[in-house]
1. Roughly how compact is chain B, stated as its Cα Rg over 2.2 N^0.38 Å to two decimals?
2. Based only on Cα atoms, what mean projected area does the convex hull of the protein assembly as shown have, in nm²?
3. In debye, nearest 20: dipole of the protein assembly as shown around its Cα centre with unit charges on the Cβ of K, R (+) and D, E (-)?
4. Over the protein assembly as shown, with the other protein chains present, what is the accessible area per residue in square angstrom, probe 1.4 angstrom?
5. As I understand it, the dipole of the protein assembly as shown uses +1 on the Cβ of Lys and Arg and -1 on the Cβ of Asp and Glu, about the Cα centre. Which of B:Gly136, A:Ala39, B:Leu99 lies farthest toward its positive end?
6. Computed FRET efficiency, Cβ-Cβ of A:Arg107 and B:Arg192, R0 51 Å: what is it to the nearest 0.05?
7. Please compute one quarter of the surface area of the Cα convex hull for the stretch A:269-390 and express it in square nanometres.
8. Would you work out which of A:Val206, A:Gln88, A:Val389 lies farthest towards the positive end of the dipole of chain A? Charges go on Cβ: Lys and Arg +1, Asp and Glu -1.
Amino acid sequence: MASTAPLCAHVRPGFNPSLGPAGMTGVPALTLFEKIWDAHLVRRLDDGRDLIFVDRHVLQETTSAVAFENLKRAGRGVRRPELTLATQDHIVSTAPGRDEATNPGGRELLALMRANAYRHRIRHFGVDDPRQGIVHVIAPELGLAQPGCVLACGDSHTSTVGGLGALGIGVGTSEVEHVLATQTLALSRPKPIRVRFQGRIPPGLVAKDLILRAIGALGVAGGRGSAVEYAGSAVEALPVEGRLTLCNMSIELGARLGFVAPDEKTFDYLRGREFAPRGPAFDAAMAAWRSLHSDPGAAFVRDVAIECDRLAPQVTWGTTPEDVAGVDDRIPDPASYGDAGRREAAAKALRYMELAPGVPLEGLPIDIAFIGSCTNGRLSDLQAAAAVVRGRKVAPRVRALVVPGSMAVKREAEALGLHEIFRDAGFEWRDAGCSMCVSINEDVAPPGSRCIATSNRNFENRQGPGSRTHLASPATVAAAALAGRIVDIRKEARA
Amino acid sequence: MRRPVSTVVGTLAAMPAPNINTDQIIPSAWLRTATADLGNGLFGSQRYDEAGSERPDFILNQPGWRNARILLAGENFGCGSSREAAVWALVQFGVGCVLAPSFADIFYENAFRNGLVAGVIDADAFEDLRRAAAAGPASYAVDLASGTITGPDGTRWAVSVPASRARALMRGDDEIAITLAMQPEIDAHFDRSRAATPWLFPESLMERPSR
Ligand code: SF4
């Protein structure tokens with residue numbers, strides 16, 4: 001890629017995992033992944049897969065309806081409803097004050113979620129509950145996810161909870177049914193790999209820039225079959241919410257699992273949350289959580305370093321998350337790719353995005369700015385955006401919307417007055433849900449529109465038929481909303 | 001018990017691009033109800049134009065390929081969203097087997113649970129089959145027992161499906177029934193885990209909600 005950025009990734013071949021550099025002690029050195037996985041291993045199955053106990057199961061309306069239907073047809077029940085929690089997030093309306101009927105197209109699936117939860121006595125935090133929100137936002141927020149637990153959810157971004165040192169496993173509907181019936185999953189054991197973010201994160205940049213950079217470096221299949229541990233000085237420096245963002249996009253690396261070793265910040269984050277342990281139980285938990293890290297010398301099949309010191313704000317230009325560059329870069333020429341498949345795909349992406357090679361990313365006009373999603377719909381994301389927006393106005397003809405990741409985030413933001421900053425600037429201030437990340441409710445980007453978004457997928461038609469998506473951090477999206485075009489937030493800060 | 005699958009015979013269609021994601025396989029427009037016609041929605045954004053008419057240049061709209069049973073795809077097929085509707089859409093359309101150099105993890109799991117054969121092929125087989133498919137529609141046969149695909153002229157290529165998965169497909173295993181037979185072991189695991197790490201199961205969680 002035509003770029004001044006230093007080459008950031010280098011790959012170090014792994015050690016032999018079977019040996020374990022036990023050193024003097026004779027105790028095998030284990031990765032964090034192995035510690036958690038092995039503690040949940042019920043048995044190794046005849047076909048080589050592992051049967052893993054699931055501590056927490058989170059349900060949402062779009063991937064559970066058929067699972068419940070099949071369960072009923074087979075005459076099976078829910079094995080451990082107390083370990084199960086349901087919400088409504090994907091297809092809900094985000095209009096302020098909405099209810100289940102506000103989005104007519106969502107009524108069927110929302111009603112099924114509520115009815116299925118009621119029937120099986122599963123906790124249901126639907127749109128009528130103050131705890132409603134996107135599955136991956138509420139699972140950490142409620143303390144449902146905690147270090148060392150295995151949490152399954154019928155959604156590919158379940159790895160988000162890895163930011164707390166949990167194993168979040170995204171599953172399909174048949175697997176949802178399997179967990180409902182048995183509280184386990186039969187899984188092939190993934191290979192532990194590590195991505196180390198080294199150095200310091202430049203001012204104004206956030207976890208979103210880090211993970212987009214990693215996806216650009218490793219590709220959307222780079223983590224296939226893997227469990228990714230994020231480590232390094234930059235990750236240690238990240239607040240918990242940033243780690244959730246980092247782990248969220250593991251699936252964009254092709255990995256089902258991504259996590260960060262828990263530390264004092266994690267413990268502070270969890271203390272007092274609804275499903276976190278309390279009192280002496282919390283202290284006992286903390287003592288155990290402190291051992292949840294990869295041992296020195298533990299073996300990874302791949303160990304990748306990403307240098308952060310000179311990282312630029314990242315923005316995608318194409319139709320997969322690996323089509324990403326620094327905001328100060330130019331759109332690459334597909335001809336510059338060695339691989340024929342990649343060349344073709346990039347050319348097709350540019351046609352879809354209506355972009356030409358060599359054009360700078362900075363300055364591209366945008367029609368819509370979307371702040372929200374399970375990637376960047378938390379309080380700190382809204383704070384970062386509000387800091388950019390304060391006292392300014394959204395550019396004419398730009399539709400700008402903020403959709404908090406949960407109703408709790410919305411309340412916290414309002415307590416800080418953020419809603420007024422956004423509204424005064426011309427942003428819509430909506431209720432919690434997936435919204436324009438997946439656009440299966442009424443929040444749809446029109447054909448041909450160009451949207452800059454804090455979400456995680458820039459696929460063709462993702463935000464609506466014919467819509468075009470650029471992924472970026474909350475600050476970059478907010479700045480673009482004001483300018484009406486993609487801007488480099490570092491220059492804004494200097495100006 | 002699911003319907004056993006041991007062979008898939010029919011037209012081979014090639015969509016050889018890498019990283020075909022599940023949003024492409026079944027666009028979200030078909031995910032708004034529990035009863036949508038997913039076979040009709042397969043590759044919906046590519047298959048139909050804005051007015052809902054078929055785009056004649058799309059492979060599955062072309063004569064000879066409209067009833068494809070075997071799909072040849074590029075690397076990392078099925079990446080992105082976990083939506084199992086991607087597999088259901090392929091199955092409901094009539095596709096019984098997808099061949100690709102590699103598959104995304106969640107799609108791969110979803111496929112076998114629905115009797116869809118996800119067969120891995122090597123780079124040479126991919127190139128050969130791609131060329132053969134481009135020459136025109138023809139019938140191929142995938143056989144799980146021998147782990148092969150056979151072309152109209154008798155040429156064979158290896159199709160890799162792990163032996164345990166192939167057996168499960170050929171028997172039509174119900175995976176949940178198999179796991180349920182291990183329930184005592186699972187319960188014992190839970191009891192041990194609750195004793196060793198009680199904080200994982202705090203009272204606030206273990207109390208079931210009242211109606
Ligand atoms: S916000 Fe987007 S990526 Fe996250 S769970 Fe919702 S639809 Fe999926």
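The values are calculated or read from the model by the stated rules, or taken from the named source; none is laboratory data. Predicted model, so just to flag it, every value in this text is computed and none were measured. Please note: Cβ atoms are built from the backbone with ideal geometry, for glycine as well, and neighbour counts cover all protein chains shown. Areas reflect the complete protein model, heavy atoms only, side chains present, ligands, DNA and RNA absent. Shrake-Rupley method; radii C 1.70, N 1.55, O 1.52, S 1.80 Å.
1. Cα Rg divided by the expected 2.2 N^0.38 Å: 1.22.
2. On the way: hull surface 116.7 nm².
For the Cα atoms of the protein assembly as shown, the hull's average projected area reads 29.2 nm².
3. With Lys and Arg at +1 and Asp and Glu at -1, about 340 debye.
4. Roughly 36 Å² per residue, with all protein chains present.
5. Checked the options; the winner is A:Ala39.
6. That gives a FRET efficiency of 0.70.
7. 13.1
8. With unit charges placed on the Cβ atoms, the residue in question is A:Gln88.
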